[in-house]
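The values are calculated or read from the model by the stated rules, or taken from the named source; none is laboratory data. Computed from a prediction, not measured in an experiment: that's the story for all the values here. Counting neighbours? That spans all protein chains shown, and the Cβs are built from the backbone with ideal geometry, glycine included.
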Amino acid sequence: MPVWKNSDRPVPALQHRNCCEFRLHRTGRQRLLHLVLLERAHGDTADVLGEVAAAADTDAAADTTDPAACDPAALWAKTFAKDGPDHLHAVVVGPAGSGFFAVGERQIAGAGDAWLLRTDTSGAVTWQATVGKAGADIARDAVASVAGYVVAGATTVPGTGSDLWVFQVDAAGKIVWETTHDAGGDEAAFGIAPMGAGGAHIVVGTAKGGGLATCFTAAGTLGWQQVFGPPEAYFQDVATFGSAVTVVGAVPVGGGQTAAWVVRLDPFGTETWVKKHVLGTTSLAANAVAVLGDGGLALSGSATAPGGVTQAWLARTDAGGELLWQSQLLAGDARSVAVTVGGLIVAGVATTAGKAGGWLAHMALDGTQQTGLVTPGAAIWRHGLPLANGGFLLAGSAVGKGLLGHTDAFGHTACATSGACSTKTAASCADGDPCTVDGCAEGKCQSSPSAAGSLCGTGTCGIGGVCK
């Protein structure tokens, strides 16, 4: 297999053409795909309201002032498991809002297989499947397409390492095409985004030489690939906006420190610009990127101090990648970010007294935290999406099981903790004080001091990385 050169600026691997126009022979090892359709019943689905969802706001009671305000079918959190441990890494909305499609990994006979899960809007299983080869396999991200869903991840053959893996399934979970790609070392995909109207996709991840960016046509053939060094660097997510491709991850900057890495590519995979964002001696890593209406970027990730303490990190840049503000939010990690009404939705994990909980926050575009909710129960939210009804769709894991949640605007997954909150928006509970986090419980708006105050001193708070 070809070994691509490592440099700060990638060497074009193929002729300069738009990925949407490529019609090349498939690259990489092509191996037989094994698809096992699992039971189409709910036998391995457990309602987690008792162990995760209801654990949030345990001091809150149901809103009895308006019992009809909350629809129990619209708020839920459910775990899905077989033999475990099982994890979900990403979720997308089906065509025309027809349910949800999530991907992750499922442990079977000691080795992991990629796991595909299709549910209706209430979280009931429509179908699920494991997709596997001889070694460990994982599905990291997915996007909806005209013909179904395109999934990106990694597949491993014992003794040969891992390869980047991309495949498409139709609406019923049947494999349409699949391809593996070997760039000369161990490769894995972490993010995927559609590119153009021709059905092409940008897939990013890691390779032997550093961050890996690839483009695949609608038929699954490789259009182009680029590797961006140094070898320790990696890409975690990708977003497209018009003809621009933005990939993010982490890159070493010396002294054991890493920077949040933002690279802009054109449709041919050529670097347009690159930014390395730092925060003093703290190591930054970008886990996710979202494109704002003005072409600017929202970044989420982690900030790890020299002593090893890690906090969730959020930043905003202009259209050229220049930093406008950055903030450390709370102990934990921000796994995903998406644009929603009035700002951003950030999902991840919060750590309190050594215990992890799923964390969801609504942020204004100036970095002010509008709402925030931590769900106890060893939950981790890895991916969050805004929904048309003002709520949010979340994917992750809890107690070794795959976890999906459908929340109101404040992160509640049950009427017991939402009540009439399910009819409110985040803006309706904003108190106008930038140093408070606003929320809703028992159907009533409430506010609490911002956790960012601990970063700035008594009586002050942090907004967009600036203490007030």
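Yes or no, residue by residue, for (1) touching a Gly at 6+ places or on another chain (Cβ under 8 Å); (2) closer than 19 Å to Val203 by Cα:
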residue: Leu299; (1), (2): no, yes
residue: Trp313; (1), (2): yes, no
residue: Ala319; (1), (2): yes, no
residue: Gly354; (1), (2): no, no
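Checking the range 254-268 against the condition returns a match, with at least one residue being in contact with a Pro (Cβ under 6 Å, 6 or more places away or on another chain), under 21 Å from Val337 (Cα atoms) and surrounded by 21 or more Cβ atoms within 10 Å (Cβ to Cβ).
I'd like the full set of residues that are modelled with pLDDT of 95 or more, surrounded by 22 or more Cβ atoms within 10 Å (Cβ to Cβ) and either small (Gly, Ala, Ser) or not in a strand (DSSP E or B) (or both), limited to the range 180-192. Once the filter is applied, which keeps residues that are modelled with pLDDT of 95 or more, surrounded by 22 or more Cβ atoms within 10 Å (Cβ to Cβ) and either small (Gly, Ala, Ser) or not in a strand (DSSP E or B) (or both), the range 180-192 yields Ala189, Gly191. Looking across the range 245-284, the residues that are in a strand (DSSP E or B) and of a type in the set (S, T, N, Q) come down to Thr246, Gln257, Thr258, Thr272, Thr282, Ser283. Whether any residue in the range 407-423 is over 26 Å from Thr121 (Cβ atoms), among the small types (Gly, Ala, Ser) and at pLDDT 85 or above is what I want to check. There is no residue in the range 407-423 that is over 26 Å from Thr121 (Cβ atoms), among the small types (Gly, Ala, Ser) and at pLDDT 85 or above. Within the range 216-243, the residues that satisfy the criterion of being outside any loop (DSSP other than H, G, I, E, B) and either touching a Cys at 6+ places or on another chain (Cβ under 6 Å) or among the polar types (S, T, N, Q) (or both) are Gly223, Trp224, Gln225, Gln226, Gln236, Thr240. Would you pick out the residues in the range 123-168 that are part of a loop (DSSP other than H, G, I, E, B) and in contact with a His (Cβ under 8 Å, 6 or more places away or on another chain)? Result: Gly123, Ala124, Lys133. For residues that are of a type in the set (A, V, I, L, M) and touching an Asp or Glu at 6+ places or on another chain (Cβ under 8 Å), scanning just the range 298-343, find the one that is nearest to Phe410 (Cα to Cα). If we take residues in the range 298-343 being of a type in the set (A, V, I, L, M) and touching an Asp or Glu at 6+ places or on another chain (Cβ under 8 Å), then Ala312 is nearest to Phe410 (Cα to Cα). The residues of the range 203-239 that are surrounded by fewer than 19 Cβ atoms within 10 Å (Cβ to Cβ) and of a type in the set (S, T, N, Q) amount to a single one, Thr221.
Within the range 332-384, work out how many residues are acidic (Asp, Glu) and buried (at least 22 other Cβ atoms within 10 Å of the Cβ). Looking only at that region, the number is 1.
If you go through the range 324-362 and keep only what is in contact with a Pro (Cβ under 8 Å, 6 or more places away or on another chain), part of a strand (DSSP E or B) and not charged (D, E, K, R), you end up with Ala338, Val339, Thr340, Ile345, Gly357.
For Asp170, indicate whether it is surrounded by fewer than 19 Cβ atoms within 10 Å (Cβ to Cβ), in contact with a strand residue (DSSP E or B) (Cβ under 9 Å, 6 or more places away or on another chain) and within 20 Å of Ala233 (Cα to Cα). So Asp170 fails the test. Screening His181 on (1) without any contact (Cβ under 8 Å) to a residue 60 or more places away in the chain; (2) over 17 Å from Ala286 (Cα atoms) shows it passes everything except condition (1). Of the set (1) buried (at least 21 other Cβ atoms within 10 Å of the Cβ); (2) of a type in the set (A, V, I, L, M, F, W, C); (3) part of a strand (DSSP E or B), all apply to Trp177 but (1).
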